[in-house]
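Accompanying notes for the structure given below.
The values are calculated or read from the model by the stated rules, or taken from the named source; none is laboratory data. On a predicted model such as this, the values are computed, not experimentally measured, just so you know. FYI the Cβ positions are ideal-geometry reconstructions off the backbone, even for glycines, and counts take in every protein chain you see. Note: accessible area is taken over every heavy atom of the protein model, side chains too, but ligands, DNA and RNA are not part of it. Shrake-Rupley method; radii C 1.70, N 1.55, O 1.52, S 1.80 Å.
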Amino acid sequence: MRLPIIAANWKMNLLLNDARNWVKDFKHSLPELSSCGVVVAPPFTSLSTVKNELAGTEIQLAGQDIGLALEGAHTGDISAKMLKDVGCDYVILGHSERRRDHHESDSMVNEKIKIALSQGLKIIFCLGENEKQRQDGETQEIVKEQLLSGLSGISSEEINHIVIAYEPVWAIGTGNNATPEQAQEVHAFIRTLVAQEYGDAVASHIRILYGGSVKSKNSKDLLGQPDIDGALVGGASLVAHEFCAIINTLI
Ligand code: 13P
């Protein structure tokens, strides 16, 4: 039995005061969490504030990226060590916006996964095809390439600290979510690949989240699919009660 995870990726949104209000509202309508894990990924600037505000809850904290070094002369970077220090449990890696805006390659994502693991962070490892790749029938090829490159050199012990997030680029921020059937097809494919690389036991335990225009209106159908183990939510996570409504579809 896989415990689902619902994760909020705030991206570059919410100022400190908004973050405080979000947590206040969230706690107010906080659902019973025994049936899922909840992760919140604020921007770096509000990690500490959100960590303090969440004290006493079971919500876990995530950073949205790490640099390739642990410390030193890397102006503007934030290290895995720093995320751990501020109280993060997770880091999101390989997000398509990092790949697009910062030219992150599969091998860079792989390097970051290894660095994050070395610092005791769990990872939400994002992958997914873009619109053209889907139209050209390359979805499986792209997903396989990103998955296997990202996990290159990761042991079957280490993979227990990794959650995969399938985020088709064409569904992110567009309002056009993958249909439950489209998402399920890719999730099942990812699980098969994990089974081939790491065996059936690992594959049956690993959580594979779906991300891309998830909201409370579509989350029940998406989360009802056998290989969809939760959601990575962008836009709809910015409003606490909408995020709670998505969590509530699991209950
Ligand atoms: P949206 O939910 O805004 O489509 O974003 C999804 C996403 O990128 C989460 O990481």
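Put simply, the amide H of residue 165, placed in the peptide plane, has neighbours under 5 Å in 125, 126, 127, 209, leaving out anything fewer than 5 places away on its chain.
Take residue 148: with every protein chain present and a 1.4 Å probe, its accessible area is about 60 Å². Were the residues from residue 114 through residue 35 laid out at 0.36 nm apart, the gain over their Cα-Cα distance would be 25.5 nm.
Derived scalar couplings between HN and Hα for the stretch 197-205 equal 7, 10, x, 5, 5, 4, 4, 7, 9 Hz in order, rounded to whole Hz, by the Karplus curve 6.51 cos²θ - 1.76 cosθ + 1.60 (θ = phi - 60°), x for Gly and Pro. For the stretch 76-227, calculate the relative contact order in percent as a whole number, restricting contacts to Cα pairs under 8 Å that are 6 or more residues apart. After rounding, I find 22 percent. Separation of the stretch 1-18 from the stretch 157-190 is 16 Å, based on Cα centroids. When 174, 139 are compared by accessible area of protein heavy atoms, the largest-first order is 174, 139, using a 1.4 Å probe. Spin-label model, residue 185 to residue 20: label points 7 Å out along the Cα-to-beta-carbon direction sit 4.9 nm apart. The portion of the accessible surface of the stretch 46-133 made up by carbon and sulfur, rounded to a whole percent, is 47 (1.4 Å probe; DNA, RNA and ligands excluded).
The slack between residue 196 and residue 239, meaning 0.36 nm per residue of separation minus the straight C-alpha distance, is 11.6 nm. Which shape class applies to the stretch 71-129: rounded if a/c is under 1.5, otherwise prolate when a/b exceeds b/c and oblate if not, where a ≥ b ≥ c are the square roots of the Cα gyration tensor eigenvalues? Here the stretch 71-129 falls in the oblate category. Heavy-atom accessible surface of residue 82, to the nearest 10 Å², is about 100 Å², with a 1.4 Å probe and all protein chains retained.
Among bridges DSSP assigns within the chain, what percent are antiparallel (round to 5)? Please list the in-between numbers first.
Working: 0 of 27 bridges.
Given both bridge residues lie in the chain, the antiparallel proportion sits at roughly 0 percent.
Among 44, 26, the order of accessible area from largest down is 44, 26, computed with a 1.4 Å probe on protein heavy atoms. The charge dipole of the chain, taken about its Cα centre with unit charges on the Cβ atoms of Lys, Arg (+1), Asp and Glu (-1) only, comes to about 620 debye. Distances between placed amide hydrogens fall under 5 Å for residue 230 paired with 5, 210, all partners being 5 or more residues away or on another chain.
Classify the stretch 102-186 as rounded, prolate or oblate from the Cα gyration tensor: take a ≥ b ≥ c as the square roots of its eigenvalues, call it rounded if a/c is under 1.5, otherwise prolate when a/b beats b/c and oblate if not.
Details: a/c = 2.03, a/b = 1.87, b/c = 1.09.
Taking the square roots of the gyration eigenvalues as a ≥ b ≥ c, the stretch 102-186 is prolate.
Rolled with a 1.4 Å probe across the full set of protein chains, the surface gives residue 151 an accessible area near 10 Å².
Sequentially through the stretch 218-226, phi angles give Karplus couplings (6.51, -1.76, 1.60; θ = phi - 60°) of 10, 5, 4, 5, 5, 6, x, 6, x Hz, Gly and Pro residues having no value and appearing as x. Projecting label points 7 angstrom from Cα along Cα→Cβ for residue 86 and residue 152 puts them 3.0 nm apart.
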